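The values are calculated or read from the model by the stated rules, or taken from the named source; none is laboratory data. Note that the coordinates shown come from a computational prediction; the quantities given were computed from them, not determined experimentally. When we count neighbours, we look across all protein chains shown, and the Cβ atoms used for this are built from the backbone with ideal geometry, even at glycine. Note: accessible area is taken over every heavy atom of the protein model, side chains too, but ligands, DNA and RNA are not part of it. Shrake-Rupley method; radii C 1.70, N 1.55, O 1.52, S 1.80 Å.
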Amino acid sequence: MNRIMQMLMFLMLIIYIKAKVDDASIDPSKTIVWGPGLKPAEVTMRARYFFLQLVDADGRNVTRSPGKDIVAGQVSGSSSSGGLCRIWTQNIDCNDGSFIVRYKVFNTCTNLKIIVKIKDTDVPIYQSVFKGPIYEEECYCPNLSVTNWLHNYQCQKSYTQIYSDLSPFSDIDFAKIRQNIIKTYNRPTSVSICHYVLKSNKIYRRCYGQYVGFKIFMDAILLSLARKVVLPDIEFFVNLGDWPLVLDKGPLYPIFSWCGSEDTRDIVMPTYDLTESSLEAMGRVMLDTLSVQGNTNLPWENKIEQLFWRGRDSRRERLDLIDISRKHPELFNVSITNFFFFRDEMDKYGPAQNQVSLFHFFKYKYQLNIDGTVAAYRFPYLLAGDSLVFKQESKYYEFFYKELVPGLHYVPVKRDLSDLVDKINWARNHDEDALKIARLARQFSRDNLLPSDILCYYTVLFHEWSKRLKSKVEILDDMEEVPQPSHSCPCHFSDYRFEDEL
């Protein structure tokens, strides 16, 4: 027994020494820090955030987690009354040598201090003080034109999908087409749309259809942007359903939708799911493109070499996936979680399994993005995780799909999934290549799918749309105002200019 105890103590000593060596190899002076959360006075979000990439003494990026809680990000400040500002800070270990520090400001702050240190060291990686004011999300302070706002948020210079979607609409006169749009899409049992007007940074709407509850997502992004930036006066129609509406063969009407397809001409926006998670991170939403990176805490080599999938029976290929998995059980862990469309086949493809958190998915090396009724809206989160994504060929797309490169950001598979087994076996035999694709997918999500990117996309879309409106933007008699939330937040800007400099 003594010998066993000696061996255990020796192993623990080795682990302790290795941990110390790994910690010591990090060079705080070379660590890279970046992100919109480092400009809190200019960038307002419910959850501000920034990134750290740890670098070793030789100037090389650290590529795996150096240990639990080794990075300590601290954010503090003063309230307008002179007391402490209420701030919630979260440090996210992405398990690849990078960290995310995000913080939520609950009331207007001054002298906000950000300090980031390696645990048990005195020299900070980053330290800065911002006099402020630093506003919380609910403050109505749209003091900037679109030009300056886009600069502060470091938005992209070009948006291919926006320009492609808007290209057919060069000269829109709603006085001529408004009633035709309402007549065409006012089909209460099958279609729900909302007619919006933005005027002097206030939002007005009238909705048509039996199921208009999803208007809350469009309301939320419009209200949030109007609190931050002076938006142009615009008029537009929003499709509240998943299916695109504007068929190639029919009249070409401008309809904003969350999903596009190869045989429709809708103007595509970020999905309601991604929009809500971007607006409500560190609030009522647990899953977002940042949190998913902190809950994928298994090193690549420790992940299970199977494809993991859970979902409802919203497309025949999902049932085909079950058939394929039963022939190759060593490659798959897949199940249907709810039967609705194919209830008569429950005996063959069931029983339905319990839903699991998307965070659980990333215990497995391989993920599958397969269509539901339209595009599967979980794709942004799969890309942000650290697993290899296989994507089914599809006619449906979200706003960012055309920026992705097959073979670089994901592994494409045929629509009927006939080559899925071969593609999984390729990944198992080319593990380093699979890891590279997974890492590039995560980098794509950081460059295109974070909360600031979603705010940027909507703002650019609305601004570009305003250039194409010929008719005067007016509030119609049958519209109701969508009010800003009642919130006591004194703004330091008293004069708002409701025009854009561009």
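The table below lists the values:
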{"quantity": "Vicinal HN-Hα couplings computed from phi for the stretch 87-97 (Karplus, 6.51 cos²θ - 1.76 cosθ + 1.60; Hz; Gly/Pro x)", "calculated": "9, 10, 10, 9, 9, 10, 8, 7, 6, 10, x"}
{"quantity": "Per residue, the convex hull volume that the Cα atoms of the stretch 65-141 enclose (Å³)", "calculated": "103"}
{"quantity": "Solvent exposure ordering (accessible area, 1.4 Å, most first) of R316, R102", "calculated": "R316, R102"}
{"quantity": "Fully extended contour minus Cα-Cα distance, from K395 to I304, at 0.36 nm per residue", "calculated": "29.7 nm"}
{"quantity": "³J(HN,Hα) computed for each position of the stretch 344-361 - Karplus, 6.51 cos²θ - 1.76 cosθ + 1.60, integer Hz, glycine/proline x", "calculated": "6, 10, 4, 4, 7, 10, x, x, 5, 9, 5, 5, 10, 4, 4, 4, 5, 4"}
{"quantity": "Chain lengthening between S190 and D120 when straightened (0.36 nm per residue, less Cα-Cα)", "calculated": "19.1 nm"}
{"quantity": "Set of lysines near K365 by C-alpha distance (under 24 Å), chain-local residues within fewer than 8 positions excluded", "calculated": "K68, K303, K327, K391, K414, K423, K436"}
{"quantity": "Fraction of the pair-distance distribution of the stretch 104-263 above 25 Å, Cα-Cα pairs, percent", "calculated": "48"}
{"quantity": "Rg over Rh [alpha-carbon atoms, Kirkwood Rh] for the stretch 128-217", "calculated": "1.07"}
{"quantity": "Carbon and sulfur %, accessible surface of the stretch 292-396 computed with the full protein complex present, 1.4 Å", "calculated": "45"}
{"quantity": "Rough spin-label spacing in nm, given labels placed 7 Å along Cα→Cβ, for S471 and S80", "calculated": "4.0"}
{"quantity": "Solvent-accessible area, 1.4 Å probe, carbon plus sulfur percent, for the stretch 410-493", "calculated": "47"}
{"quantity": "The stretch 172-272: relative contact order in percent, alpha carbon pairs under 8 Å with at least 6 residues between", "calculated": "22"}
{"quantity": "Cα principal axis extents for the chain, largest first, Å", "calculated": "89, 66, 34"}
{"quantity": "The stretch 186-246 - Kirkwood radius from inverse mean 1/r over Cα pairs (Å)", "calculated": "12.2"}
{"quantity": "Dipole-positive endmost among I324, F342, L358 within the stretch 302-364 (Cβ charges, Cα centre)", "calculated": "L358"}
{"quantity": "Low-density loop cleavage sites - trypsin sites (Lys or Arg not before Pro) in the stretch 205-295, where at most 11 other Cβ are within 10 Å (DSSP)", "calculated": "K249, R284"}
{"quantity": "I216-D478 pseudo-label distance in nm [points 7 Å out on the Cα-to-Cβ vector]", "calculated": "2.5"}
{"quantity": "Cα-only radius of gyration and Dmax that characterise the stretch 212-270, units Å", "calculated": "12.9, 39"}
{"quantity": "The stretch 230-366 - Rg (one decimal) and Dmax (whole number), Cα, Å", "calculated": "19.4, 57"}
{"quantity": "Given 14 as the ceiling on other Cβ atoms within 10 Å, longest exposed-site-free region of the chain for GluC sites (Glu not before Pro) in DSSP loops", "calculated": "1-261"}
{"quantity": "Orphan Cys of the chain, criterion: no other Cys C-beta under 4.7 Å", "calculated": "C94, C259"}
{"quantity": "Accessible solvent surface per residue of the stretch 241-361, calculated while the other protein chains remain in place, 1.4 angstrom probe, Å²", "calculated": "45"}
{"quantity": "Cα Rg over Rh - the stretch 367-424, Kirkwood", "calculated": "0.92"}
{"quantity": "Extension gain (nm, one decimal) between D58 and K30, 0.36 nm per residue minus Cα-Cα", "calculated": "9.1 nm"}
{"quantity": "Enclosed volume per residue, in Å³, of the convex hull spanned by Cα atoms of the stretch 331-403", "calculated": "117"}
{"quantity": "The stretch 50-180 - Kirkwood radius from inverse mean 1/r over Cα pairs (Å)", "calculated": "18.7"}
{"quantity": "D (Stokes-Einstein, µm²/s), Kirkwood Cα radius, the stretch 172-289, 0.692 mPa s at 37 °C", "calculated": "217"}
{"quantity": "Longest to shortest principal axis, alpha-carbon extents of the stretch 355-502, angstrom", "calculated": "63, 35, 34"}
{"quantity": "Proximal lysines relative to K228, as straight alpha-carbon distance under 23 Å, when same-chain residues fewer than 8 apart are discounted", "calculated": "K39, K104, K113, K131, K157, K199, K202, K215, K467"}
